[in-house]
1. Any residue that is within 26 Å of L39 (Cβ to Cβ) and touching a Leu at 6+ places or on another chain (Cβ under 6 Å) - is there at least one of those in segment 257-273?
2. How many residues are assigned to a loop (DSSP other than H, G, I, E, B), farther than 24 Å from L245 by Cα and in contact (Cβ under 8 Å) with a residue 60 or more places away in the chain when one looks only at segment 111-136?
3. For the condition touching a residue at least 12 places away in the same chain (Cβ under 8 Å) and not aliphatic (A, V, I, L, M), what is the one hit in S440, S431, S356, S398?
4. Can you tell me which residue is nearest to R591 (Cα to Cα) among those in segment 482-499 that are out of contact with any helix residue (DSSP H, G or I) (no Cβ under 7 Å at 6 or more places or on another chain) and in a loop (DSSP other than H, G, I, E, B)?
5. Please list, ordered by residue number, the helices (runs of 4 or more DSSP H) wholly in segment 350-446 having 3 or more residues that are small (G, A, S).
6. With the checklist (1) farther than 30 Å from L351 by Cα; (2) more than 24 Å from the chain's Cα centre (by Cα) in hand, flag the one item T15 doesn't pass.
7. Can you tell me which residue is surrounded by the most Cβ atoms within 10 Å (Cβ to Cβ) among those in segment 537-581 that are within 21 Å of R591 (Cα to Cα) and of a type in the set (G, A, S)?
8. Where the second residue is crowded, with 18+ Cβ neighbours inside 10 Å and among the aromatic types (F, W, Y) and the first is over 24 Å from Y501 (Cα atoms) and lies in segment 567-596, which pairs have Cβ atoms under 7 Å and are six or more apart or on separate chains?
Amino acid sequence: MLAGSSPAGSRTPVTFEALWNAFLALLAIILLISGIDDLVPILICVRAAFVPSRHAPQIPPRAPLQRRIAVFVPCWQEFDVIGHMLRHNIAGIKYRNFDFFVGTYPNDPATIAEVKKVVASFENVHLAMCSRPGPTCKADCLNSIYARMEQFEAERGISFDTVLLHDAEDVIHPDALDVVNRARAAYDMVQVPVLPLPTGFAEFTHGIYCDEFAEFQNIDMRARGLSGSFIPSNGVGTGFSRDVLATLARERAGAVFDPGTLTEDYEIGVRIHAAGHSQIFAPLRRDGNTWVATREYFPRNVRAAVRQRTRWVTGISLQCWQRVGWQGGWPTRYWFWRDRKGLLSNVLSLLANAVSLAGGADLAASALARRPWTLGATSPTVIKLCVLTMLLTLFRLSLRTACVARIYGPLFAAGVPLRAIYANFVNCGASVRAITTYVSARLQGRNLAWQKTAHTYPAGPMPAFHRRDLLEILCDSGCLSVEQASALRDGIPPQVEPAAYLLENGLVSEDALCLALSIQGGVQAVRVNLELVKQQVVRSLPNYIEERYGLVPFDMNSGRLALAGWLVPSNEVFDELKALTNLDVEFQLVRSSDYAALRELCYGLRLDPPDPRAGSNKVIGERSAMRHLPPLPANRTDNSALRSSV
């Protein structure tokens, strides 16, 4: 036997208790380090509140002129949302000097057809055709849009100052382009806040996006700018200097956006900062009852969420690590660490949840059986580590709850703790899938495949808080003078519908009012051919819909039920209509005289009380009872098309 060795019989046995304490200690230390790291962005924001920072965002209160903005919208199979998105946003945006460039693929005829309908109505919407069949990747589509913009500039002899990125599901705030324009006076890249649209408490998958974005936009994005690090593009609501993109195009042989990465938006933010260009995240602020932010729906089921987050983790944490490494100053390296640590922390967070749940269940079982707590820590040091970790977790949850309550209200914020556990499950699945997919692609020497996220857009007319003032639209179009509009704002009684007041007093023509309401609500205006209205269509909804909301069913085609009205209803009305029919409900704006004639005809057809679902699954022949009104004007100061129609 060697000197100093112990006989076999004297060895201390390795017990489950010792192994369990060691495991808990290791897990607690890792989570404690991550928890302390999560305090850094908070401390950066708190410090900036008391100590002025040279990196604090400074957006000029006003801009001397409206720079020309090109809004890029890449599309692949977005035929069911792109028309609504374009019409609604053109109706809501208060800015005037902008053009939409919509990228489509030659093998996506349905989306092309929808875009062409909008192009025919608005002079500031342009179709950009990708050179290759789709789907390729978002960066490739954006590069095709950029080429179309250059062609447009050459044809018109103009030049855009700013390129703004958006997706087909985005609800753009009416003031967002003004924020971009003002910020561009001092910065080369501007990121407008992005927030998910509110959904019900029960929608846990979409709820985790609400929770994370509320915290991220309130704290992390602000802290990045305050620390002097790079501002990553969120993929939407990002405005770039045209000159900066032109420089990137020259350096990359025309490829402004890199098709070799799954998250071209994140990486272009890194590249722009590394090249010394200025960036800003526009502070999140409230405008009346809304937040000045890009709003959209995110995935609402776990499979789609894992798929989307797998792409995010792969592109941000793995591909960018491979392509960029840890280049940059210490602030940049720190945020690289923040963006990449999720590869480990997402897995460990779920493991910690599992240990906590198992420990809680075992504690209850041990109390009932009157036995020692098997899964409890016995080492005083381990107990202290676990308590510290738990306190940090509770602090983070409290902070996230406060951020969510600020944006979505206290009732929705009450679900943050439950959604946090669910989010750990989704994020862990995405991280594991990202790592396995990335490693497999590297070993096999193949490129990573880009996977598109399915998009949805809010149904119904433009939300009330996004609608421009009707008198402002009529004033811009030349139908009313500034003096008349000002007098009417003070003279129309609060309980009176402005459109009805204008029409009854002969202040505007019926056609002018219909087109103005169409612009305000972001809906199509049509003419109804009464000879083609079928009885089974009229009987598809109960009478009270017309009596209560001023809506009459008049056409059914391709699985859609068209309702006519001379005033744009609220979105709450459409929520009620969904319970009455299996068809997709589509509102069509008509002139008041056309509505009166249609209403009279329909009351003549409705001899018996209709079955709410009668004819809900029938589709009338190819002939449609509606045709579109003449093209609507673009949302510019010069609304000559509206003036000519009066």
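The values are calculated or read from the model by the stated rules, or taken from the named source; none is laboratory data. As the structure is a computational prediction, the values presented were derived from the model and not from experiment. Quick reminder, even Gly has a Cβ in these numbers, built from the backbone with ideal geometry, and neighbours come from all protein chains shown.
1. no
2. Counting residues in segment 111-136 that are assigned to a loop (DSSP other than H, G, I, E, B), farther than 24 Å from L245 by Cα and in contact (Cβ under 8 Å) with a residue 60 or more places away in the chain gives 2.
3. Numbers: S440 fails: touching a residue at least 12 places away in the same chain (Cβ under 8 Å); S356 fails: touching a residue at least 12 places away in the same chain (Cβ under 8 Å); S398 fails: touching a residue at least 12 places away in the same chain (Cβ under 8 Å).
Answer to the check: S431.
4. Checking each candidate, the answer is E497.
5. Qualifying helices (runs of 4 or more DSSP H): 380-408, 416-444.
6. Condition (1) is where T15 drops out.
7. Among those that are within 21 Å of R591 (Cα to Cα) and of a type in the set (G, A, S), it is A564.
8. Within 7 Å, the pairs are V585/F574.
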